[in-house]
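We did not get these values from a lab; they are worked out from the coordinates using the rules stated. Given the structure is predicted, the values throughout are model-derived calculations rather than measurements. Ideal geometry is used to build each Cβ from the backbone, glycine not excepted, and the neighbour counts take in all protein chains shown.
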Amino acid sequence: MTATLSALTAIVFVNPVPWARAQMAFTLAFHIILVPLGVSWAFMTLIANYRGLRHQDRAALVLAQRWSKFMAVTFAVGAVTGTVLTFEFGLLWPRFMGQWGEAFGIPFAFEGLFFFTEAIFIAIYIFGWRRLKPWAHFWTGVPIVLAGIFGSISVVAANAWMNAPSGFVLDSDGRVIEVDPIQVIFNDSMPLQAAHMLIAAYLVGGFLVASVYATGMLRGRRDRYHYLGFVIAFSVGAVATPIQIGVGDLLARWVYSNQPVKFAAIELVPTTSSDVPETLLGHLNEDGTVSGGIPIPGLASWLSDPSTGRATVVQGLDTVPPDQRPTVRQTNIVHLCWDIMVGLGTLLFLLSVWYAVSWIFRRRMPRSKWFLRAAAVSGVLAVITMEAGWVVTEVGRQPWIVYGHMKVEDAVTANTGVWITFFAVVVLYALVGTTTILVLRGMSRRFRTAEDFIDHDTPYGPSQPEVPAGAEEAIG
Amino acid sequence: MSTAVAVVLLLAVVVYAVFGGADFGAGFWDLTAGGPQRGERPRDVIEHSIGPVWEANHVWLIFIFVILWTSFPEAYASITLTLFVPLTIAALGIVLRGASFAFRKAVVDMRYRRAFGAAFAVSSVLVPYCMGAIAGGIASGRVPAGGQAGDPVQSWINPTSVLGGVLAVAAAAYLAAVYLVWDARRLDAEMAEYFRRRAVAAAAGVGVIGLVGIFVLAGDASYLFDGLTSRALPLVILSALCGLGALVLLVRNAPRGARLLAVIAVASVIVGWGVAQWPYLLPESLTFSAAAAPGGTQAAVLVVVLLAGAIVVPGFVLLFVLHQKGLLPEEGVEDRPAVERG
């Protein structure tokens with residue numbers, strides 16, 4: 001008994017595959033929350049900054065400055081957790097990097113370029129409030145936005161390449177002997193995947209920031225500062241949401257045509273058939289049957305190709321051998337996450353419609369407490385939506401790390417100590433994550449107690465003449 | 001073409017050491033600055049000196065990784081497989097350091113500032129030690145070719161690695177002190193003298209480590225030693241002369257010239273390492289040309305380098321010029337500094 005137990009322990013702890021996979025998933029899941037803030041917060045800050053300068057709006061300027069201070073913290077945490085990922089590519093997946101680094105790595109070279117630009121200008125912007133000329137300072141923020149956009153596109157290009165590997169020639173031993181960098185970067189999956197993630201960054205960033213101000217408003221802080229903080233951020237999220245649904249639909253159809261096995265896992269399709277239902281929830285059993293859930297007849301087929309409608313044939317999981325498709329458990333994870341992504345995405349869409357309708361017909365944001373309550377949780381929902389979407393694309397690709405070319409188990413490190421690093425990483429990240437939230441909260445409290453903006457806190461130096469607060473548009 | 005990429009790689013290492021290294025070194029002085037009262041002023045100088053620039057400096061490390069894995073993927077696999085432990089420690093140390101530094105600036109409560117400061121300072125010493133140990137493991141030929149794992153322990157616990165680690169920490173502290181003398185003139189003139197004394201001490205320390213290092217390398221890393229004493233000898237001599245010159249200027253209180261000479265001293269020893277190791281990426285088992293990725297990849301990397309020259313370098317220069325002119329004074333987080341810092 002003890003012998004079996006210790007043997008089992010040995011196997012569990014020695015086999016690096018699950019641990020490496022868990023560590024990569026954990027660090028990516030953590031980092032991906034900071035990505036939207038790095039990509040879209042600068043854009044929102046510049047909106048506030050622009051408004052502040054153009055319309056002499058003091059509250060908007062203060063908002064922009066404080067956002068930039070928060071950004072300093074989230075950007076630093078994002079930068080270092082991103083660095084860990086560059087270490088992990090080698091530490092956890094050395095065989096993957098050794099075999100494919102010359103192709104997979106190329107988008108990262110460009111990403112490095114953009115990240116560099118971002119780091120430089122974010123420093124100038126954050127530290128430049130007091131001594132740079134106002135408009136010059138504003139313009140130093142613009143490269144941050146552009147670098148964020150192109151940087152995230154570059155990173156996603158690398159991930160897209162794992163889904164649609166192209167741009168290389170292999171010799172008879174399977175070694176890469178020729179690389180076409182353009183083809184690697186602009187691989188088949190890249191345009192839609194990059195668009196989907198980029199818009200997600202704006203969507204999540206917008207709702208996440210807005211939810212903080214919605215909470216503040218619910219607690220009775222209905223001043224212009226909170227109003228601006230909410231409206232700028234929520235508008236960004238609300239504009240991004242419908243676009244995201246359109247892009248997501250196109251991407252799903254791309255997966256249908258190019259990664260049929262992933263698509264079968266998403267739609268829970270065990271055997272090839274037409275008139276495939278869209279099963280809400282439910283799960284796949286070991287024997288290949290689907291049970292539970294609410295099937296909507298023919299919808300999955302219809303969505304896959306509206307031109308052929310319910311007659312559209314969807315390839316089943318059983319069209320490839322078991323060792324080339326996700327396991328039953330993975331399939332269920334993919335399907336559940338798909339439902340979560342689509343379900344929460346729809347809720348966020350409805351919330352955006354509510355907001356838009358109010359603006360169109362009443363020329364103001366909704367006054368309902370229920371709207372603010374929903375908006376207050378929209379940030380967390382948006383993060384969950386994004387995480388779920390990312391699980392769909394990653395787990396849906398299993399068992400491949402490079403689709404059709406290399407399996408995850410052949411890519412992993414030979415180091416048996418990965419379980420130790422996994423726990424170390426979890427502990428460290430839990431600490432860093434908690435502290436980040438506490439520090440951000442502490443900053444916001446401190447800003448609030450300094451409500452009567454002291455000179456020291458005024459952007460563009462103490463010499464700036466008093467600017468009257470803008471027109472009282474605030475609600476309530 | 002692989003030669004060009006190798007040169008780029010070496011340059012990236014030099015720039016990272018000269019800029020990023022000094023940020024780590026500043027952490028060393030933060031660590032040794034004493035209690036909250038005694039250490040407040042030097043810590044203030046340190047914070048203002050590296051605050052706006054450390055993230056940009058840090059990106060050079062990512063550049064090094066990216067060049068390595070795109071252009072020399074097989075060597076990258078060997079390095080990460082063999083040097084798993086120090087690389088992991090370095091990665092975790094980088095998280096701890098960057099996050100703590102950002103947190104420390106963002107809080108006012110002295111207790112938390114101390115805790116974050118301690119985490120920042122300790123990891124600032126740990127990370128360069130690991131980097132140096134990694135360099136030592138590679139330079140002494142302990143990383144095998146072919147995407148294979150070498151000895152997981154001896155590859156980084158060996159005489160050359162210890163030398164590399166200690167030298168990295170000392171050189172980083174030395175560079176940081178020299179820069180801080182210069183920055184302190186603008187921020188807190190009395191602190192210039194404080195850091196000048198430390199710069200002199202660090203210079204002496206680096207010199208002693210360098211002398212000891214000659215014997216270590218002679219016994220433990222013969223290929224590197226032969227290279228350093230033959231084709232890389234001019235660089236070694238240049239480094240020694242500049243180091244001495246910088247020391248003289250520091251003693252005579254001429255920080256501007258000292259800064260330049262200190263940079264040349266550190267840069268030339270790293271270039272010397274590269275020249276001594278040439279043509280090997282992993283000494284005596286894998287040459288740069290044998291490790292090189294296909295031409296298309298190398299071309300892409302060189303394109304990125306050209307773009308970096310056009311986009312990143314001007315931005316980097318702008319950042320440093322603004323910083324040096326004192327136009328990036330602070331994030332202004334302290335809303336009530338005098339009261340709450342107490």
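Points to keep in mind about this one:
- Extension gain, residue A:273 back to residue A:323 (0.36 nm per residue minus Cα-Cα distance, nm): 15.8 nm
- Linear extension gain, residue A:405 paired with residue A:294, 0.36 nm per residue minus alpha-carbon span: 36.4 nm
- Taking Lys and Arg as +1 and Asp and Glu as -1, the other residues whose beta-carbon sits under 14 Å from that of residue B:157 total -1.
- In terms of overall dimensions, the C-alpha atoms belonging to region B:12-217 reach 53, 37, 26 Å along their principal axes, ordered largest to smallest.
- Two-site label geometry, residue A:430 and residue A:22: point separation in nm, points 7 Å out along Cα→Cβ: 1.2
- Taking other residues whose beta carbon is less than 9 angstrom from the beta carbon of residue A:57, and scoring Lys, Arg as +1 and Asp, Glu as -1, yields +4.
- Relative contact order [Cα under 8 Å, 6+ residues apart], chain A, whole percent: 21
- Label separation (residue B:189 vs residue B:310): 4.6 nm, computed from points 7 Å beyond Cα along the C-beta direction.
- Here the dipole of region B:12-217 is about 400 debye; that uses its Cα centre as origin and unit charges on the Cβ of Lys and Arg (positive) and Asp and Glu (negative).
- What the Cα atoms of the protein assembly as shown give is an Rg and a Dmax of 27.6, 87 Å.
- Segment residue B:241..residue B:325, full-extension length gain: 27.2 nm, with 0.36 nm per residue of separation and the alpha-carbon distance subtracted.
- Shielding of B:85-96 by partner chains, average beta-carbon count, 10 Å: 6
- Net charge contributed by nearby residues that have their C-beta within less than 15 Å of residue A:251 (K/R +1, D/E -1): -2
- Using the Cβ-Cβ distance between residue B:256 and residue A:14 with R0 = 60 Å, the FRET efficiency computed as 1/(1 + (r/R0)^6) comes to roughly 0.60.
- Listed residue (A:192, A:157, A:119) projecting farthest to the positive dipole end of region A:119-233, Cβ model: A:119
- Computed E for residue B:284/residue A:280 - FRET, C-beta separation, R0 56 angstrom, nearest 0.05: 0.35
- Part-to-part distance (alpha-carbon centres) for region A:427-441 and region A:290-342, which is given in Å: 38
- To the nearest ten degrees, helix B:21-31 and the longest principal axis of the Cα atoms of chain B are 50 degrees apart.
- Look at the dipole of the protein assembly as shown built from charges on Cβ: of B:174, B:309, A:254, the Cα furthest out on the positive end belongs to B:174.
- Nitroxide proxy distance, nm - points 7 Å out along Cα→Cβ at residue B:299 and residue A:305: 3.7
- Charge dipole magnitude, Cβ of K and R +1, D and E -1 - region A:64-163, Cα centre, debye nearest 20: 580
- Principal-axis analysis of the Cα atoms of chain A puts helix A:418-449 at an angle of about 20° to the longest axis.
- In the protein assembly as shown, lysine pairs with alpha-carbon atoms under 21 angstrom apart (chain gap of 8 or more, or interchain): 4
- Simple Cβ-charge dipole of region A:157-243, Lys/Arg +1 and Asp/Glu -1, about Cα centre, in debye nearest 20: 960
- Per-residue shielding of A:180-191, expressed as the average number of other chain Cβ atoms within 10 Å of the residue Cβ, stands at 2.
- For region B:14-32, the residues whose backbone nitrogen is under 19 Å from a point 7 Å from the Cα of residue B:204, taken along Cα to Cβ, are B:29, B:32.
- Lys/Arg +1, Asp/Glu -1 at C-beta; chain A dipole; positive extreme among A:225, A:390, A:366: A:225
- Relative to one another, the C-alpha centroids of region B:208-254 and region A:368-390 are positioned 59 Å apart.
- Förster radius 35 Å - calculated FRET efficiency between residue B:197 and residue B:4 (Cβ-Cβ, nearest 0.05): 0.20
- Using alpha-carbon coordinates, inclination of helix A:369-395 to the longest axis of chain A, degrees: 30
- Shielding by partners - mean other protein chain Cβ count within 10 Å, residues of A:418-431: 2
- For the peptides A:294-300, B:195-201, the ranking by packing is B:195-201, A:294-300, with the highest mean count of neighbouring Cβ atoms within 10 Å listed first.
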